[in-house]
Amino acid sequence: MMTTARDLMILALDVPPVRDVGQGDLSLALAGAEAVDLVRAGSFVLDGDLVVPGPPTVPQDALLAAAESSFVRTEPYESLEDWLWRRGRDLAAAYAARLAADGLVARTRGRLLAARSAPAPVDSPARRRAAARWASDEPVLATLTAAVGLREEPAEGFPGPLDEAVVTVLASTGDALAELEAVRQRRSIEDAGFDNMWQAL
(Lines give C-alpha, C1' and ligand atoms only; values in the text may rest on other atoms or scores of the structure.)
Protein backbone atom coordinates (compact mmCIF):
# COMPACT_ATOMS: atom_id res chain seq x y z
CA MET A 1 0.00 0.00 0.00
CA MET A 2 1.39 3.36 -1.01
CA THR A 3 0.68 6.38 1.15
CA THR A 4 1.05 10.14 0.90
CA ALA A 5 3.98 9.99 3.32
CA ARG A 6 5.77 7.41 1.17
CA ASP A 7 5.19 9.53 -1.92
CA LEU A 8 6.56 12.57 -0.07
CA MET A 9 9.66 10.68 1.06
CA ILE A 10 10.34 9.36 -2.45
CA LEU A 11 10.07 12.88 -3.87
CA ALA A 12 12.35 14.24 -1.14
CA LEU A 13 15.03 11.80 -2.35
CA ASP A 14 14.29 12.30 -6.05
CA VAL A 15 13.63 16.00 -6.67
CA PRO A 16 16.21 18.81 -6.57
CA PRO A 17 14.87 21.12 -3.84
CA VAL A 18 14.41 24.87 -4.22
CA ARG A 19 15.90 25.31 -0.73
CA ASP A 20 17.59 23.08 1.81
CA VAL A 21 15.25 20.44 3.20
CA GLY A 22 15.89 19.89 6.91
CA GLN A 23 15.33 16.47 8.44
CA GLY A 24 13.14 18.03 11.12
CA ASP A 25 10.99 19.79 8.52
CA LEU A 26 10.66 16.61 6.48
CA SER A 27 9.76 14.56 9.56
CA LEU A 28 6.98 17.00 10.51
CA ALA A 29 5.65 17.01 6.95
CA LEU A 30 5.65 13.20 6.89
CA ALA A 31 3.58 13.20 10.08
CA GLY A 32 1.21 15.64 8.39
CA ALA A 33 0.98 13.35 5.36
CA GLU A 34 0.12 10.44 7.65
CA ALA A 35 -2.55 12.51 9.36
CA VAL A 36 -4.15 13.38 5.99
CA ASP A 37 -4.40 9.71 5.00
CA LEU A 38 -5.70 8.72 8.43
CA VAL A 39 -8.37 11.41 8.65
CA ARG A 40 -9.53 10.51 5.14
CA ALA A 41 -9.75 6.86 6.19
CA GLY A 42 -11.85 7.72 9.22
CA SER A 43 -9.16 6.81 11.75
CA PHE A 44 -9.87 10.03 13.62
CA VAL A 45 -12.01 13.15 13.50
CA LEU A 46 -11.11 16.62 14.66
CA ASP A 47 -12.99 18.22 17.54
CA GLY A 48 -11.63 21.72 17.24
CA ASP A 49 -7.90 21.06 17.31
CA LEU A 50 -8.21 17.74 19.17
CA VAL A 51 -7.58 14.36 17.57
CA VAL A 52 -10.51 12.12 18.49
CA PRO A 53 -9.72 8.55 17.38
CA GLY A 54 -12.36 6.36 15.79
CA PRO A 55 -12.36 2.56 15.64
CA PRO A 56 -8.92 1.32 14.47
CA THR A 57 -8.78 0.95 10.69
CA VAL A 58 -5.55 -1.12 10.76
CA PRO A 59 -3.77 0.31 7.69
CA GLN A 60 -1.81 -2.18 5.60
CA ASP A 61 1.22 0.11 5.62
CA ALA A 62 3.23 -0.59 8.77
CA LEU A 63 4.30 3.01 9.39
CA LEU A 64 0.78 4.30 8.87
CA ALA A 65 -0.49 1.62 11.26
CA ALA A 66 2.10 2.79 13.80
CA ALA A 67 0.86 6.34 13.35
CA GLU A 68 -2.72 5.26 14.03
CA SER A 69 -1.72 3.24 17.08
CA SER A 70 0.03 6.31 18.52
CA PHE A 71 -3.23 8.24 19.02
CA VAL A 72 -4.21 9.12 22.57
CA ARG A 73 -7.50 7.24 22.96
CA THR A 74 -8.67 8.65 26.29
CA GLU A 75 -9.80 12.11 27.27
CA PRO A 76 -8.40 14.69 27.35
CA TYR A 77 -7.40 14.02 23.76
CA GLU A 78 -4.21 15.33 22.20
CA SER A 79 -4.11 18.38 19.97
CA LEU A 80 -3.24 17.74 16.34
CA GLU A 81 -0.11 19.90 16.54
CA ASP A 82 1.11 18.09 19.65
CA TRP A 83 0.59 14.79 17.85
CA LEU A 84 2.50 16.06 14.81
CA TRP A 85 5.47 17.01 17.00
CA ARG A 86 5.42 13.70 18.86
CA ARG A 87 4.88 11.51 15.81
CA GLY A 88 7.33 13.50 13.70
CA ARG A 89 10.35 12.78 15.87
CA ASP A 90 12.95 11.08 13.60
CA LEU A 91 10.18 10.08 11.17
CA ALA A 92 12.25 10.88 8.07
CA ALA A 93 14.85 8.31 9.14
CA ALA A 94 12.10 5.72 9.70
CA TYR A 95 10.70 6.27 6.20
CA ALA A 96 14.14 6.19 4.61
CA ALA A 97 14.82 2.87 6.33
CA ARG A 98 11.46 1.47 5.21
CA LEU A 99 12.04 2.48 1.58
CA ALA A 100 15.44 0.81 1.69
CA ALA A 101 14.01 -2.36 3.24
CA ASP A 102 11.33 -2.49 0.55
CA GLY A 103 13.91 -2.11 -2.23
CA LEU A 104 12.52 1.24 -3.36
CA VAL A 105 15.83 3.09 -3.03
CA ALA A 106 19.43 2.24 -3.80
CA ARG A 107 22.70 3.96 -3.07
CA THR A 108 24.24 5.88 -5.94
CA ARG A 109 28.01 5.92 -5.73
CA GLY A 110 29.91 9.06 -6.53
CA ARG A 111 32.94 8.79 -8.81
CA LEU A 112 35.35 10.00 -6.14
CA LEU A 113 34.24 8.69 -2.78
CA ALA A 114 31.88 5.82 -2.12
CA ALA A 115 31.24 7.38 1.29
CA ARG A 116 29.43 10.17 -0.49
CA SER A 117 26.85 7.75 -1.89
CA ALA A 118 23.28 8.77 -1.24
CA PRO A 119 20.04 6.83 -1.46
CA ALA A 120 17.97 7.52 -4.55
CA PRO A 121 14.68 5.99 -5.68
CA VAL A 122 14.92 3.14 -8.15
CA ASP A 123 12.56 2.87 -11.09
CA SER A 124 9.42 1.32 -9.64
CA PRO A 125 5.64 1.71 -9.65
CA ALA A 126 6.02 3.58 -6.34
CA ARG A 127 8.37 6.15 -7.88
CA ARG A 128 6.14 6.55 -10.95
CA ARG A 129 3.09 7.05 -8.73
CA ALA A 130 4.83 9.74 -6.69
CA ALA A 131 6.06 11.43 -9.88
CA ALA A 132 2.54 11.41 -11.33
CA ARG A 133 1.12 13.07 -8.20
CA TRP A 134 3.94 15.63 -8.35
CA ALA A 135 3.35 16.37 -12.04
CA SER A 136 -0.41 16.74 -11.60
CA ASP A 137 -0.05 19.24 -8.72
CA GLU A 138 -2.27 17.01 -6.57
CA PRO A 139 -3.10 19.55 -3.84
CA VAL A 140 -2.17 17.58 -0.69
CA LEU A 141 1.21 16.39 -1.93
CA ALA A 142 1.87 19.71 -3.66
CA THR A 143 1.20 21.63 -0.45
CA LEU A 144 3.47 19.38 1.61
CA THR A 145 6.32 19.41 -0.91
CA ALA A 146 6.16 23.21 -1.06
CA ALA A 147 6.11 23.42 2.74
CA VAL A 148 9.42 21.56 3.06
CA GLY A 149 11.18 23.33 0.17
CA LEU A 150 10.92 20.91 -2.73
CA ARG A 151 8.99 23.41 -4.84
CA GLU A 152 7.66 26.94 -4.78
CA GLU A 153 4.05 27.46 -3.79
CA PRO A 154 2.06 29.68 -6.16
CA ALA A 155 0.63 32.82 -4.61
CA GLU A 156 -2.91 31.56 -5.11
CA GLY A 157 -2.12 28.14 -3.65
CA PHE A 158 -2.67 24.80 -5.31
CA PRO A 159 -6.08 24.18 -6.88
CA GLY A 160 -8.27 21.29 -5.89
CA PRO A 161 -11.23 20.52 -3.67
CA LEU A 162 -10.20 19.48 -0.16
CA ASP A 163 -12.51 18.73 2.74
CA GLU A 164 -12.29 20.80 5.90
CA ALA A 165 -10.45 18.19 7.97
CA VAL A 166 -7.69 17.83 5.37
CA VAL A 167 -7.33 21.60 5.11
CA THR A 168 -7.02 21.77 8.91
CA VAL A 169 -4.34 19.06 8.94
CA LEU A 170 -2.34 20.86 6.25
CA ALA A 171 -2.68 24.18 8.10
CA SER A 172 -1.55 22.61 11.39
CA THR A 173 1.42 21.04 9.61
CA GLY A 174 2.34 24.44 8.19
CA ASP A 175 2.06 26.00 11.66
CA ALA A 176 4.35 23.34 13.12
CA LEU A 177 6.91 23.91 10.37
CA ALA A 178 6.77 27.67 10.97
CA GLU A 179 7.31 27.09 14.69
CA LEU A 180 10.30 24.87 13.95
CA GLU A 181 11.82 27.56 11.75
CA ALA A 182 11.23 30.17 14.46
CA VAL A 183 13.02 27.98 17.02
CA ARG A 184 15.87 27.47 14.56
CA GLN A 185 16.24 31.22 14.00
CA ARG A 186 16.18 31.99 17.75
CA ARG A 187 18.94 29.48 18.34
CA SER A 188 20.98 30.94 15.51
CA ILE A 189 20.65 34.45 17.00
CA GLU A 190 21.51 33.18 20.48
CA ASP A 191 24.55 31.29 19.18
CA ALA A 192 25.74 34.35 17.28
CA GLY A 193 25.35 36.49 20.41
CA PHE A 194 27.30 33.95 22.45
CA ASP A 195 30.12 33.92 19.90
CA ASN A 196 30.23 37.72 19.88
CA MET A 197 30.45 37.80 23.67
CA TRP A 198 33.49 35.51 23.61
CA GLN A 199 35.14 37.56 20.87
CA ALA A 200 34.69 40.70 23.01
CA LEU A 201 36.46 39.16 25.99
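The values are calculated or read from the model by the stated rules, or taken from the named source; none is laboratory data. All of these numbers come straight from a predicted model, not from anything done at the bench. Here the Cβ positions follow ideal geometry from the backbone for every residue, glycine too, while neighbour counts run over all protein chains shown.
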Could you tell me whether residue 127 is in a helix (DSSP H, G or I), in contact with a strand residue (DSSP E or B) (Cβ under 6 Å, 6 or more places away or on another chain) and either modelled with pLDDT under 95 or buried (at least 16 other Cβ atoms within 10 Å of the Cβ) (or both)? yes
Quick check: anything in the stretch 146-156 loosely packed, with under 12 Cβ neighbours inside 10 Å, modelled with pLDDT of 85 or more and either among the hydroxyl-bearing types (Ser, Thr, Tyr) or not in a helix (DSSP H, G or I) (or both)? yes
Would you check if there is a residue in the stretch 128-143 being under 20 Å from residue 88 (Cβ atoms), out of contact with any helix residue (DSSP H, G or I) (no Cβ under 9 Å at 6 or more places or on another chain) and in contact (Cβ under 8 Å) with a residue 12 or more places away in the chain? no
Which residues, counting only those in the stretch 25-52, are over 23 Å from residue 136 (Cα atoms) and surrounded by fewer than 18 Cβ atoms within 10 Å (Cβ to Cβ)? 42, 45, 47, 48, 49, 50, 52
Counting only residues that are under 14 Å from residue 147 (Cβ atoms) and touching a Leu at 6+ places or on another chain (Cβ under 6 Å), how many does the stretch 162-172 have? 1
Cβ-Cβ under 6 Å, sequence separation 6+ or interchain: first residue in the stretch 26-53 and over 10 Å from residue 165 (Cβ atoms), partner hydrophobic (A, V, I, L, M, F, W, C) and surrounded by fewer than 17 Cβ atoms within 10 Å (Cβ to Cβ). Which pairs? 52/45
Inter-residue pairs, beta-carbon under 6 Å, first closer than 11 Å to residue 51 by Cβ and of a type in the set (Asp, Glu) and in the stretch 65-81, second part of a loop (DSSP other than H, G, I, E, B) and at pLDDT 95 or above, 6+ apart: 68/43; 78/72
Answer with yes or no whether residue 88 is crowded, with 19+ Cβ neighbours inside 10 Å and either among the basic types (Lys, Arg) or under 22 Å from residue 162 (Cβ atoms) (or both). yes
